[in-house]
Structures are given as structure tokens and as C-alpha cells.
1. Based on Cβ point charges of +1 for Lys and Arg and -1 for Asp and Glu, what charge dipole magnitude is obtained for region C:1-67 about its Cα centre, in debye rounded to the nearest 20?
2. Hey, what's the per residue convex hull volume over the C-alpha atoms of region B:372-424, in cubic angstrom?
3. Near B:K291, which aspartates and glutamates are there with a Cα under 16 Å away, not counting those fewer than 8 places off in the same chain?
4. How much space per residue, in cubic angstrom, does the convex hull of the C-alpha atoms of region A:121-222 take up?
5. With only alpha-carbon atoms in the gyration tensor, what are the semi-axes of the equivalent ellipsoid for chain C, in Å, largest first?
6. Based on the Kirkwood radius over alpha-carbon pairs, what is the Stokes-Einstein translational diffusion coefficient of chain A at 20 °C with 1.002 mPa s viscosity, in µm²/s?
7. What distance in nm lies between label points placed 7 Å from Cα along the C-beta direction at A:A232 and B:R290?
8. With respect to the cross-link table entries B:K227/C:K258; B:K78/B:K242; B:K78/B:K210; B:K242/C:K224; B:K242/C:K127; B:K78/B:K400, which display a Cα-Cα separation exceeding 24 Å?
Amino acid sequence: MSRDAPLAPGRNETVYDLAATDLRAVNRALHAAPDGAVMIRNPGGAHALACGLRSPLQVRIEGHVGYYCAGMNREAEVTIDGNAGTGVAENMMSGTVRVLGNASQSAGASGHGGLLVVTGTASARCGISMKGIDIVVGGDVGHLSGFMAQAGNLVVLGDAGAAFGDSLYEADLYVRGAVAGLGADCEEKPMTDADREKLAALLRRAEMDADPAAFRHYGSARRLYNFRIDNAGSR
Amino acid sequence: MDPRRIRSSASFPPHVVAEIQRAADQGVYEIRGYGARRPVPSFDDLVLLGASMSRYPLEGYREACGTDVLLGTRHARKPLHLKIPVTIAGMSFGALGAHAKEALGRGASAAGTSTTTGDGGMTQEERGHSSMLVYQLLPSRYGMNPEDLLQADAIEVVVGQGAKPGGGGMLLGLKITERVAAMRTLPAGIDQRSACRHPDWTGPDDLEIKIRELREITDWEKPIYIKVGASRPHYDTALAVKAGADVVVVDGMQGGTAATQDVFIEHVGIPTLPAVREAVRALQELGMHRKVQLIVSGGIRSGADVAKALALGADAVSIGVAAMVALNCNRPLYEEDYHALGTEPGACAHCHTGRCPVGIATQDPALESRLDPEAAGRRVANYLNVLTQEAQTLARACGKSHLHNLEPADLAALTVEAAAMAQVPLAGTSWIPGRM
Amino acid sequence: MCGIVGLFLKAERLEPDLGRLTALMLHEMRDRGPDSAGFAIYGEGGTAHKVSVMAADGESRDWAALAARAEAGLESAGPGAAVTARRVSDHAILETAGDPAALRHWLLDNEPGLTVLATGRRIELYKGVGDPDRVAARFGLEGRSGSHAIAHTRMATESAVTIAGSHPFSTGADTCLVHNGSLSNHNWLRLDLEREGERFQTENDSEVAAAYVAAHMRRGRDLKSALEAAIADLDGFYTFAVGTADGFAVLRDPIACKPAVIAETDDWVAMSSEFRAIARLPGVGHAEIWEPEPGIVYSWSRDRGEAAA
């Protein structure tokens with residue numbers, strides 16, 4: 001989807017205009033809808049827009065959103081045609097969230113499932129504490145991305161910032177560009193056929209054109225998993 | 001023996017010597033459970049002023065003394081209505097076994113009050129047996145699930161904990177069984193150190209936005225609590241109110257933990273006594289006292305503690321360690337197991353090892369079978385009822401037909417320290433240190 | 001506890017719009033700081049020094065009499081210069097051709113109830129309690145022109161909402177700072193700076209940060225290197241936006257939790273706590289947009305008009 005092309009409401013699409021309707025009314029309507037297509041206009045950087053969705057809705061947001069857009073999403077497919085603020089798709093469970101612009105800090109934080117796609121760049125702490133979500137970022141990610149990442153996949157087509165994958169657990173991190181620095185206990189892992197297959201499938205789902213062979217794979221060195229205790233006192 | 005030769009150093013008494021040598025042997029800080037062992041100024045340093053010539057007491061048994069409390073009246077569409085002003089504090093499934101969580105739910109429900117999840121998600125045992133369940137949103141977000149969020153009766157955003165303000169959670173590998181690991185999306189058997197800051201907000205301005213999200217997700221139905229460890233309770237309470245809390249939970253340094261560094265438990269945070277007064281002062285200055293409810297916790301043990309906390313301005317109290325003790329924690333049963341841990345009943349703080357002799361803080365099925373959730377639930381209910389009866393007894397003696405009518409003026413302090421911290425007069429004087 | 005914005009114009013033709021654009025940005029940060037607001041605006045520099053002051057009774061204060069007292073007071077301290085006063089709501093802008101630092105000190109020593117907000121040839125600084133839009137309107141932000149502006153909305157930590165904690169803070173000529181976050185070692189720094197002659201007017205951590213930068217610049221450092229020194233000396237969580245007579249800079253601490261976005265076009269550089277404040281600026285569609293990296297000083301100066309990060 002091109003960011004320059006103006007969106008026209010599709011057939012059978014319900015349109016909400018946040019310049020005229022308040023956020024509570026829009027979210028209430030989204031929570032009540034079992035399915036269908038919705039367009040939201042003039043989001044104007046609103047916080048908590050389209051959060052807590054719980055049905056297979058198709059939601060298109062035309063413009064920039066504030067914090068926690070599509071937070072805790074289940075099943076819904078949310079497309080943000082603009083930039084997203086802090087914590088987009090935080091703690092997402094399932095469904096798909098697409099940001100056609102840039103995402104701010106903590107994108108996909110603690111996400112348990114589903115797919116988050118950021119076409120532009122994601123800033124600091126992308127995928128922090130992720131717990132099973134798949135995140136694909138077309139551009140770069142900022143510092144401390146993948147911090148304490150527990151499960152799931154973080155795919156970065158651009159570069160990764162400092163302290164990448166710091167203190168991570170069992171998540172897989174894939175980067176095509178340069179990594180400014182690895183965080184504590186993060187190390188490069190071999191790129192296996194299984195990794196390449198998984199990556200190819202993720203890139204396809206994310207509608208990103210990239211060669212899986214061009215990525216490097218990072219994961220946990222598992223050296224922080226247990227407290228290291230000396231036994232100087234044992235006899 | 002010459003007594004001069006067996007006198008130990010005040011700076012280096014035997015427990016200090018032992019800890020230095022343990023540190024030298026192991027090269028890692030001591031981790032343990034429970035709360036502070038050191039003595040701190042507490043509610044024991046206050047007394048209630050029973051009725052006399054100027055105040056008239058109520059008859060015990062005959063004349064009613066109300067105990068109920070509404071939590072979350074500020075913004076929530078469905079505030080919690082507790083029959084008693086004593087709630088069960090957050091303790092994680094993981095730190096506690098499923099039997100203990102179930103027993104707490106049973107006991108709280110029977111007594112008409114709420115219980116709270118912890119840093120490990122919500123179990124169905126717990127939800128099923130708790131008529132009112134507060135769901136914690138913690139920095140780790142282990143098991144955080146919007147379905148559970150919607151199943152909860154209230155949401156508690158945890159900023160900190162009295163045992164370790166500024167610290168994150170800990171759970172040693174001994175307790176990370178397959179079930180606990182799966183709920184937390186972690187490998188089994190690792191020593192888990194969870195985050196001390198939330199992953200998607202830092203500071204009250206961002207928290208305000210986070211709270212708005214939680215309200216939007218739950219359609220403004222559920223009360224939202226903010227829990228802080230007592231260190232700067234005046235500021236923290238004010239900021240919690242500014243960030244939009246319905247209820248502020250202030251946890252003093254006597255509060256327990258399942259596992260954290262000993263140095264944290266003993267040396268960080270302030271006691272519950274001064275924390276209550278500071279939190280109430282903030283609420284009063286903002287004109288929000290009683291509009292935003294205050295729950296205090298950390299070292300509440302008796303109905304006297306409940307009455308004194310309420311008299312200082314709290315709306316309710318929360319119990320953690322005391323509830324575990326009601327379950328049988330530190331009871332002289334299975335004494336050989338206490339000894340095997342190198343401790344004895346009454347002094348055990350081995351929650352972190354998962355080898356809890358009485359089957360509470362453990363994930364071992366054999367140990368857990370020592371705790372019958374039904375019987376233990378009854379003990380919790382009994383204990384909660386006693387706390388309430390005791391608090392009513394004291395309130396009636398002060399002439400109150402509801403616990404919430406207790407006031408600071410019903411209190412006197414036995415020590416200068418307590419008088420200064422609680423801002424009530426030193427007994428027998430009208431002197432409040434720090435005031436004219 | 002707040003929202004911050006900064007707008008630095010590169011294109012002179014936009015200067016008449018500076019106040020209007022800054023007010024737009026400030027409006028978007030209202031939610032982050034509903035209790036009070038403040039802004040510093042860098043206008044046309046004259047030969048005189050301007051001193052921005054405010055007082056609780058500023059609406060009714062006889063500012064001309066104060067100016068006369070100041071003039072006489074400075075006269076007795078040495079060769080003085082005329083002091084004039086212009087009232088703006090409960091603030092006043094004093095002007096003098098004399099030594100502005102001496103005037104600042106004289107005011108602090110001799111005029112109880114007065115807060116000296118800023119001194120400099122170009123800076124004017126205003127702050128007020130209440131809704132940020134109303135604060136902006138009260139001081140006519142929209143109609144003001146200039147080269148750059150920095151503004152702040154505040155969620156007060158104190159119970160009684162006072163003006164004391166309101167930003168921007170300024171202690172050195174034409175230098176001011178806004179801060180989102182919380183410093184953790186400002187009490188030691190305050191003592192050091194006081195020993196070196198800094199005069200503080202509040203207990204606020206952000207005033208210490210402002211004084212730190214001003215003190216380093218007074219010793220001859222430029223804005224960028226003063227902020228680079230701050231990375232080593234200021235502990236805690238912060239996003240700073242800093243203005244000088246001809247410069248503008250943004251810095252986040254090395255952990256960088258508090259939000260910040262920068263956008264830059266050929267015509268302007270803008271920063272804010274949230275992108276929504278930038279989204280309405282002209283030409284934003286073509287802006288380069290990024291979130292500042294931890295511990296990196298981003299600075300621009302009016303002469304070069306380009307990033308010197």
C-alpha cells in the first residue's frame with residue numbers, strides 16, 4: 001500500500017472520523033463489532049486507538065496514531081497509514097498490525113502472538129519482552145531492541161541499534177543490515193535451512209521483498225540463565 | 001569461660017560474620033524470601049484512645065460497626081464492594097503453588113474480600129475460587145492476557161513493592177517447573193530475573209496514557225489500582241492520582257517477597273507506619289482523600305494493625321505474609337524439613353528455594369500435597385474474620401459505627417519516633433514532633 | 001512529568017510564523033502536562049539586554065517603579081544604564097544596556113516575590129499555571145515571530161500546582177532548557193554549581209540541568225560540548241531540548257526511556273515528546289524523522305543551519 005495514495009472507503013466499510021467522534025465511541029463500536037471493515041479518519045495522534053480488539057475486524061487508520069494503538073490485539077487486522085507512537089501492538093495476542101510509516105519505542109512490547117509489520121523504522125526497544133509475536137521491520141530498529149525477548153521472531157531488514165538482544169531468552173532475531181552492538185548474552189547463531197525457511201515465510205506474510213540468505217541470526221548465549229555460584233567454601 | 005572472651009562484636013555479630021563468609025564462599029548476593037527481619041517503627045508503637053468521658057463507646061455484639069468498603073469509585077463503572085477492609089495482596093503463581101493460590105481465593109471469597117494475582121499470570125484455580133480477583137499488570141508481563149484482563153474485577157498496575165522498591169521480580173530455577181515456565185514463556189529451570197521498569201512506559205506522564213489504554217480495553221469498567229513500594233509515598237501517591245488511579249496501594253518495607261536480595265529487603269524503602277501518613281497527606285492536599293482509595297500493606301498482622309492503619313486514613317489494608325502464615329507458613333510441622341533447609345519453624349524465609357516444608361511456596365507436588373486448599377481456605381477465612389472482629393472491637397471502643405470513622409485523633413504514640421512518623425501526639429502530651 | 005517541544009527555523013521567511021507554529025505544537029502536548037506551561041522565544045536581537053521576570057502580583061505591580069529602583073541600585077553598585085519595563089500579563093520584560101547578570105543578581109537580592117526567568121539579547125521567557133493553550137494565549141505566543149522557540153507542558157509533582165516547577169529554566173544569558181524525565185544526582189550538582197556562583201530560584205532538578213549547561217558555556221564551551229559533558233555528569237532519565245542565542249540542541253540520556261522525536265526539513269528542525277506535535281508543521285511530509293539516539297547530542301546553529309550531531 002502506498003503512503004501517498006489517499007484511501008477511499010471501500011464497499012461496506014464503516015467510516016469513523018475522530019475529528020467528529022470521540023475515541024471512546026469508536027473503541028466501543030470496534031469492541032462490539034463481530035467482524036467487517038472499518039476506516040478511521042483523522043486519528044490526530046490519539047492514544048489507545050483500536051486497542052483491545054477481539055474479533056476478526058479489518059481496521060484501516062488513515063493518519064498518525066499516538067501510544068498503544070492496537071494494543072493487546074486479538075484476531076483483528078489493523079493497518080495504520082502513518083506513524084505510530086510508543087507501544088504499537090503492545091502485548092498483541094494474534095492477528096496482524098501493519099504500520100505503513102515509522103513506529104516509536106517499544107513496538108510489539110511483550111507481544112504473545114500475531115504479526116506486527118513496520119514498513120519504516122522502529123525506534124528503541126522494538127520487541128522488548130516479546131513472548132511469541134513475530135515482528136518484521138522494513139527499516140532500522142533502535143537501541144535495546146529485543147531486550148529480554150522470550151519467544152517469537154524479530155526480523156530487521158535495516159540496521160539494529162546498540163545493545164541488540166540484551167538479556168534475551170529464546171526469541172530468534174534476524175538482521176539484514178549492520179548491528180551496532182550486541183547486548184549482554186546475545187550472540188550470533190548459525191543460519192540453518194530451517195531458519196531460512198521460517199524467514200522466507202515471515203517475509204512473505206509481511207509482504208517484504210528480501211532474500212532470507214542475506215540475514216544474520218542472533219539468539220541467546222544462555223549464560224545468564226542461572227546465577228553463577230562459586231563453591232569456594234565446599235570441602 | 002571468661003564472659004569477656006565470648007562477647008561478640010556489636011558490629012560483627014555471628015549472623016554478620018556468617019554472611020561475610022557465605023559471600024566469600026559463593027560470590028553472589030544472598031537471595032531469600034519473606035520481609036525485613038530488622039525491627040522498625042510500626043503500628044505497635046501506637047495505641048488507640050478508647051472511649052471515656054468525652055467519647056461514648058458502642059456495645060460489642062449488639063451495636064453495628066460497619067466494615068465494608070468501596071474501591072474504585074473515581075472512574076470505574078464497576079467499583080469493587082468488599083465486605084471487609086482487608087484484602088489479599090498480590091503473590092504470584094510460581095512463587096506460590098496452585099494449592100496456596102486456591103486456598104487464598106477460597107478464604108478471601110468466604111470473607112467477602114478480594115485476592116490478587118502476581119508476577120506469573122492468572123490461573124483458573126485462582127479465578128475459579130476468587131469471587132473478586134485483582135489482576136496485576138507487572139513489568140515482566142508474564143502471562144499478560146487480554147482475556148484475563150476482561151475476566152478480572154480490578155487491575156493493579158505494579159510500579160513497585162515494599163520489600164524492594166526499585167527492584168524487579170526474581171524466581172529461582174528450582175521453582176520454574178514446566179507449568180510455571182509455560183505460563184511465563186520461559187525455559188524451565190532457569191533463574192528468572194524480571195524487569196524493574198515496564199516495557200512500554202516510564203514515568204507518570206506515560207503511565208497516564210497506559211492507564212487510558214487499560215480503561216479503553218476494558219471499556220472503563222474496572223477499577224485501576226497503582227501499587228508502589230513505600231519510598232517517597234507522598235510524591236508517588238500524588239503522581240498516581242495525577243496519572244488517573246482509582247486506588248493507590250502503598251506497600252511498606254515490612255512487606256514480603258518470594259525472593260529478592262537480602263540487602264534490598266533490609267535496606268530499601270520506609271516502614272508502613274510513616275508511609276500511610278505521607279500517602280494520606282498527599283490525598284488530602286489534592287482533595288482526593290476517600291475519592292481515590294488508599295490500600296496499605298506491609299507488616300499487617302492483627303485487627304489492631306488494621307484499625308490503626310484505617311485511623312491514619314487508609315481505606316483498606318492488604319496482607320501477604322500474614323495470609324501465608326494463616327495457611328501454615330512457619331508452623332512447626334515437618335520440622336525435619338525445616339532443619340534440612342538449615343532453619344526452623346518461626347525463622348524460615350526459604351520461599352525462594354521452592355522447598356517450603358508446609359507446601360505453600362513450592363511447585364513440588366509432594367510438598368504441595370501437604371496443603372489442603374479447602375482446609376487452608378477456611379483458615380484464611382477465619383483469620384480474616386478475626387482481623388475484622390478485632391478491628392471492630394477497637395472501633396466500637398472508640399465510639400465508631402463504621403471502621404472508616406476511625407481518625408488520627410483516636411491514636412497516641414508510645415515513642416517519639418512513632419509520633420513523628422505517624423504525626424499523632426506522643427501519649428500523654430499534645431506534642432507532635434515537627435509541629436508547633 | 002511533561003511534554004516538551006522545540007522549533008528551530010532555518011528559513012528566515014518562516015520567522016513571522018514561529019509563534020503560531022509553536023502554539024500548534026504546544027497544543028498537542030496539553031495532555032502530557034495539563035497543570036502549567038511555559039515557553040521561551042528567541043526574537044529579533046537588539047543592542048539592549050532583556051530580562052524576563054514574573055511575580056504573583058505581576059498584574060498590579062508597578063513595573064516602572066521597579067525599573068527605576070533597579071536602575072538606582074545598579075548605579076550605586078557601579079556605572080549603570082537605563083532600565084525600562086514592559087508589562088506582559090503578570091510578567092514584565094525589563095531592558096537595559098547595562099550588565100544583565102548584574103541586573104539579575106540585583107533583582108534576586110532586592111525584589112522579594114520576583115522570579116527572574118531569563119536574561120539575554122534575544123530570549124523572552126513566559127510561564128503560567130493552567131491549561132497550556134490559555135497560557136500561550138495569555139502571553140500572545142501565536143502572534144510572536146522569531147528564529148526558534150522551546151516550550152513545555154507540565155504535570156506537577158507537588159500538590160498545590162505552583163509555577164516554581166514550570167519550565168523552561170534559564171540561568172545563563174540566552175540559554176534555556178526544557179526537560180522530560182527525572183534526574184537522580186542533581187542535589188550534589190546543585191551544591192557544586194552554587195559554590196561556583198550559580199543562583200537558583202527553585203528546588204527543581206531541571207533548573208540544575210539548565211544551570212549546568214549555562215555554567216559550562218560561560219566557561220567557553222559551545223552548546224554541543226556542554227551537553228556532551230552533561231552526559232557524564234548528569235545521572236537519571238532525561239530528554240532535554242536546549243536553546244541558545246543562535247543554537248538549538250536535543251539530548252537523551254544513555255538509557256533513553258523518555259520519548260522524543262526529531263524532524264528536519266530544509267526549512268526547520270522540530271522536536272517533541274510525541275510525533276503528533278510535529279505532524280501539523282508545514283512540509284512535514286518531506287521531513288526526515290527520527291528518534292534521538294541515547295547519549296548523542298544533536299545540535300543546530302543559526303549560522304550553519306545544519307545538523308552537527
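Read-outs: derived from the displayed coordinates by stated rules, not from any lab. Since the structure is predicted, the reported quantities are computational estimates derived from the model, not experimental observations. Here the Cβ is made from the backbone with ideal geometry for all residues, glycine too, and neighbour counts use every protein chain on show.
1. Working: 7 positive and 10 negative charges, 40 e Å.
With Lys and Arg at +1 and Asp and Glu at -1, about 200 debye.
2. Numbers: hull volume 6.0 nm³, N = 53.
Each residue corresponds to 114 Å³ of Cα convex hull volume.
3. Reachable aspartates and glutamates: B:D68, B:D246, B:D315.
4. On the way: hull volume 7.4 nm³, N = 102.
It comes to 73 Å³ per residue, whole-number rounded.
5. On the way: eigenvalues 162, 90, 73 Å².
Over the Cα atoms of chain C, the semi-axes work out to 28, 21, 19 Å.
6. Details: Rh = 17.9 Å.
Estimated diffusion coefficient is 119 µm²/s.
7. About 6.0 nm separates the two model spin labels.
8. Numbers: B:K227/C:K258 21 Å; B:K78/B:K242 21 Å; B:K78/B:K210 20 Å; B:K242/C:K224 35 Å; B:K242/C:K127 21 Å; B:K78/B:K400 28 Å.
Violating the 24 Å limit, Cα to Cα: B:K242/C:K224; B:K78/B:K400.
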